[in-house]
Amino acid sequence: MPEELQTLHTKASEAMADGDREKAIELYNEILKQAPTDEIAHGQLMDLYFDHDKFKYYIMRANYNAVNQKFEHAINDTKKALNVNAESIEARVKLARLYRVCNKNLKAIDEFNKVIELEPKLRDSYLELISLYTIEDAKDSAVGIAKKAVDEFNEDVELKNVLAKLYFDTGCYDLALNVVCDKNLKVKILLSDGKNDEAKRILDEIKGNLPDDKEQKGTYYLLLAEYFYNKNEYDNALNTINDFIKIMGPNAVSFQMKALCYEGKGDDFNASVNFGYMKKAQGKNDEAIVEFNHAHSLNKKDKNVLVELANLYMVLGEKYTAMDFWNAIYELDGDNDAKEVLGEFYFAEGDYKMAAKYGKTKGDNLEANGAEKNYSEADEEDEGLIEKIIKFFTKK
């Protein structure tokens, strides 16, 4: 425990010993400001409030149970506090958030609606309610709450952008453009609405004042790439996506955009390759295999595609199919890593003739004492094979 907190605990204990209840309450509340999960402070405050203030007692007991992950008990205690004071905003917000933690979103929505009805100036409650409606895919309700929030806080830029984003997500581009303040979001809306020239003018303004910030530069390049894509300038779009990748690294979005550009160019092979990388980046290996197999059907000799398929099949546990692709890699250019993987695999399978084809013989596996191992049965698993596969998997 930090020294400052220890000092506060000592003073609070002394205040309780002296019968100075108010001073003890003040000190324990100060402890909770610095350490909200301090169980001793919660427990002592429960005792201090028990006979004097039932509302605060139940609130403190709810806090204590929440700290100990007993959320259902915390909900019940908060309800008891509301039975004492039904108009308490503090208790109503606490109950709404507890419901949300327990994934009882509809009950949380009911409580947050009561909160903003009782106290329209609680800005965070609007944002939490919008988030809950969005999670429940009730976009019209989310828009309604966002409009209320903007009416209540009409100078709040963040709330206006939240409303604009909701309008954008529901395809109401004109309404979105009427309230949006963020330039990047405005460009996104304009591009989606086909107003490319207006979007480009704003992009030029952004470029002229672009800060030395990785995230903002990345956003700029993605939007510029989308502009070029809309204008059917696919090579410019691809170059711009590469600028994005230099800053942010490759991700699912960049692969998707490249795939769409190649589709626009009529290059089905590279479109499929990039859709494959997109699915892989999303962790959808089954779908990635479909895309890479389509690319393979268009170009049987592309080594990168063969490597991706070999690795993906290994990840999915289809080792025999994977070996077909390792073999194709080896036959393509005699790749040494593929040769080692194949040798290790067939040796582990007990097929020494095939293992020898790829340079793996029994003599390679002498025991440390010089005696030859008994190969009457194949090893159940050969660590060398896994190591080789991992090594090849990480190659670029």
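Tabulated results
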{"item": "Gyration tensor (alpha-carbon) shape descriptor, region 42-116, a/c threshold 1.5", "result": "oblate"}
{"item": "The chain: angle of helix 196-208 to the longest principal axis, Cα-based, in degrees nearest 10", "result": "80 degrees"}
{"item": "C-alpha long axis of helix 21-34 to longest principal axis of the chain, angle in °", "result": "20 degrees"}
{"item": "Option label - mean projected area of the Cα convex hull in nm² computed here, alternatives (1) 31.5; (2) 22.6; (3) 20.3", "result": "(1)"}
{"item": "Where only C-alpha atoms are counted, convex hull volume of region 196-266 per residue in Å³", "result": "69 Å³"}
{"item": "Cα-Cα P(r), region 280-354, percent of pairs per 10 Å interval", "result": "20, 50, 25, 4, 0"}
{"item": "Cα centre as origin, Lys/Arg/Asp/Glu Cβ charges: region 52-197 dipole, Debye", "result": "580 debye"}
{"item": "Qualifying GluC sites (Glu not before Pro) in region 80-171, DSSP loop, other Cβ atoms within 10 Å at most 11", "result": "Glu87, Glu155"}
{"item": "Highest-MSF residue in the chain out of Ala149, Ala12, Ala328 [GNM, Cα springs under 10 Å]", "result": "Ala12"}
{"item": "Accessible area of region 1-145 divided out per residue, in Å², using a probe of 1.4 angstrom", "result": "55 Å²"}
{"item": "Dipole axis of region 138-202 (+1 Lys, Arg; -1 Asp, Glu on Cβ), positive-most option in Ala149, Val187, Tyr167", "result": "Val187"}
{"item": "Residues in region 106-128 that a label on Asp169 would reach, taking backbone N under 17 Å of a point 7 Å out along Cα→Cβ", "result": "106, 109, 125-128"}
{"item": "Solvent-accessible area, 1.4 Å probe, carbon plus sulfur percent, for region 1-81", "result": "49 percent"}
{"item": "On Cα atoms only, tilt of 39-50 relative to the major axis of the chain in degrees", "result": "30 degrees"}
{"item": "Cross-link pairs beyond the 32 Å C-alpha cut-off, checked among Lys217/Lys301; Lys94/Lys188; Lys11/Lys70; Lys183/Lys265; Lys207/Lys303; Lys148/Lys279", "result": "Lys217/Lys301; Lys94/Lys188; Lys207/Lys303; Lys148/Lys279"}
{"item": "Residue-normalised accessible area of region 269-332, expressed per residue, 1.4 Å probe, Å²", "result": "46 Å²"}
{"item": "10 Å binning of all Cα-Cα separations within region 92-195, expressed as whole percents from 0 upward", "result": "16, 43, 29, 10, 1"}
{"item": "Heavy-atom accessible surface of region 125-183: percent carbon and sulfur, 1.4 Å", "result": "47 percent"}
{"item": "Region 1-62: C-alpha gyration tensor shape, a/c 1.5 cut-off, then a/b vs b/c", "result": "oblate"}
{"item": "Most mobile of Ala355, Ala271, Ala96 in a GNM of the chain (Cα contacts under 10 Å)", "result": "Ala355"}
{"item": "Set Lys186/Lys214; Lys121/Lys214; Lys139/Lys160 screened for pairs whose C-alpha atoms are more than 24 Å apart", "result": "Lys121/Lys214"}
{"item": "Unit charges on C-beta of K, R, D, E only; dipole of the chain, Debye", "result": "860 debye"}
{"item": "Coil-residue GluC sites (Glu not before Pro) of region 272-324, DSSP, other Cβ within 10 Å capped at 15", "result": "Glu318"}
{"item": "Rg/Rg_ref, region 167-218, where Rg_ref = 2.2 N^0.38 Å and atoms are Cα", "result": "1.17"}
{"item": "Loop-located trypsin sites (Lys or Arg not before Pro) in region 265-306 whose Cβ has at most 15 other Cβ within 10 Å (DSSP)", "result": "Lys284, Lys300, Lys301"}
{"item": "Helix-only CD estimate at 222 nm, as mean residue ellipticity for the chain, using -39500 (n - 2.57) per DSSP H run (n ≥ 4)", "result": "-24000 deg cm²/dmol"}
{"item": "Using alpha carbons only: equivalent-ellipsoid semi-axes of region 199-335, gyration tensor based, whole Å", "result": "34, 15, 12"}
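The values are calculated or read from the model by the stated rules, or taken from the named source; none is laboratory data. What you see is a predicted model, and the numbers here were worked out from it, not measured in a lab. Because the Cβ atoms are built from the backbone with ideal geometry, glycine has one as well, and the counts that use them run over all protein chains shown. Surface areas here come from the heavy atoms of the whole protein model, side chains and all, with no ligands, DNA or RNA. Shrake-Rupley method; radii C 1.70, N 1.55, O 1.52, S 1.80 Å.
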